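Derivation of every value follows stated rules applied to the coordinates shown; laboratory data play no part. Because the structure is a prediction, the values reported are computed rather than measured. Reconstructed Cβ throughout: ideal geometry from the backbone, glycine too, with neighbour counts over all protein chains shown.
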Amino acid sequence: MIINKEKTLSAFAEDEEIFFSVVDEFISTFDNQKQELISSLENKNIDDIRIRTHTIKGLAGTFYFESLKNVASVAEKAAKEGNLEVIEEVKDDLLLKFEELLTDAKRISNERK
Amino acid sequence: MSASKILFIDDEKMISAAIVKSLVKKGYSVDICHSSVEGAKLADGGEYDLILLDIEMPELSGLEILKRLRENVDKSLLPIIMLTGNEDDKDIIEALKLGANDYLTKPMNTEVLTARIETQLSLRKLSLENAKKGEVDALNALITTYNHEINNPLTIAFGMVEIMKRKEEFSPEKMDKTMDALIRIRDIVKKIQEASEANELNFETYIKDSKMLKL
């Protein structure tokens, strides 16, 4: 399990409508978000990397996916410090875990149907 | 009673949309702004009862917006709750020093958020009621002061002039009494004006529950 549905639902006061709106919105915007992250990493655009990793950290936190939150946090901190070396070290893990989040979001969305 | 109006300033779109939905369901009127610069302008407009303000935003940070707002609006009149995704306490401490009313760390629980919003709105309502009561008390005290300090010498002055008119005779003694009464009125009016300009209105008990200005 990647997304902690119980905890996330609790954070939204057990409101399934709101919970699934977040899941569905994430799924529909994932490709765009992933592409923006990849572009910022390829261009080594520090400001963009900081913004993208900050957003992913927030998403991961919302879904209680701690390992993605941690790696995004490391990347965000490195971007704030201008440390491209650390970003290079963690970027694969970041992208992999981001994909895992999508896979689990789709699973949860499908289970509802 | 109209819904409380909240301004939510956060560059993140997905989760903030969910939070707005949640707050609207609870009966609040919420405007969301994803641009920190636009958000700062909206916040300055004075239309909102409370502001939810993300700390970390591009262009203008939440702390900068907070600092600018607090230059013009007291925290009792415009509560601001800061939102942060960082675990570092430094930003939170800085926000509280700059005049934030409260803070929440993300991911946030919407029930907790609602409870905090309600607390701040209740405190704001109390502040507004106290301010209004203070204004009414000050006005009542001013009326009592005018009645006591000004009416009495005014009556004396009128009385003296009436007597001289009726008797058709000029009396230096009565003129002096008239002049004294008018000088007393002038001095009282001046003291009230000075106290008002200096924002230093003090009160003393006139009789029982009635207060007048202490000049």
Between B:Asp102, B:Asp44, B:Asp187, find the one with the highest GNM mean-square fluctuation for chain B; connect C-alpha pairs within less than 10 Å. B:Asp187
The range B:5-108, relative contact order in percent, only Cα pairs under 8 angstrom and at least six apart counted: 25 percent
Please give the average number of partner chain Cβ atoms lying within 10 Å of the Cβ of each residue in A:7-17, rounded to a whole number. 4
Pull up the cross-link candidates among the lysines for B:Lys167, meaning alpha carbon to alpha carbon under 20 Å and not fewer than 8 places away within one chain. B:Lys177
Between the range A:39-113 and the range B:1-63, the Cα center-to-center distance that results, in Å: 25 Å
Over all residues in A:59-72, what is the mean tally of Cβ atoms on other chains that come within 10 Å of each residue's Cβ? 2
Do the sum for the protein assembly as shown: with -39,500 (n - 2.57) for every DSSP H run of n ≥ 4, divided by all residues, what is the mean residue ellipticity at 222 nm, to the nearest 500 deg cm²/dmol? -22000 deg cm²/dmol
Long-range amide H contacts for B:Tyr206: which residues qualify at under 5 Å (H placed 1.01 Å from N, peptide plane, sequence gap of 5 or more or a different chain)? B:Lys211, B:Met212
Among A:Val86, A:Ala72, B:Leu77, which residue has its Cα furthest toward the positive end of the charge dipole of the protein assembly as shown, with +1 on Lys/Arg Cβ and -1 on Asp/Glu Cβ? B:Leu77
Volume per residue of the C-alpha convex hull in the range B:130-213, rounded to whole Å³: 98 Å³
Give the average, rounded to an integer, of partner chain Cβ atoms located within 10 angstrom of each Cβ in B:102-109. 3
Would you pull out the residues with amide H under 5 Å of B:Tyr103's amide H, same chain only if 5 or more places away, H placed 1.01 Å from N? B:Met82
For a quick check: with amide H placed at 1.01 Å from N, whose amide H comes under 5 Å from B:Val30's, ignoring anything fewer than 5 positions away on the same chain? B:Ile6
DSSP loop chymotrypsin sites (Phe, Trp or Tyr not before Pro) in the range B:128-215 with at most 16 other Cβ atoms within 10 Å of their Cβ, which ones? B:Phe170
So which helices of chain B fit the span-like rule, where a helix is a whole DSSP H run, its Cα atoms reach 27 Å or more along the axis, and its mean Kyte-Doolittle is at least 1.6? none
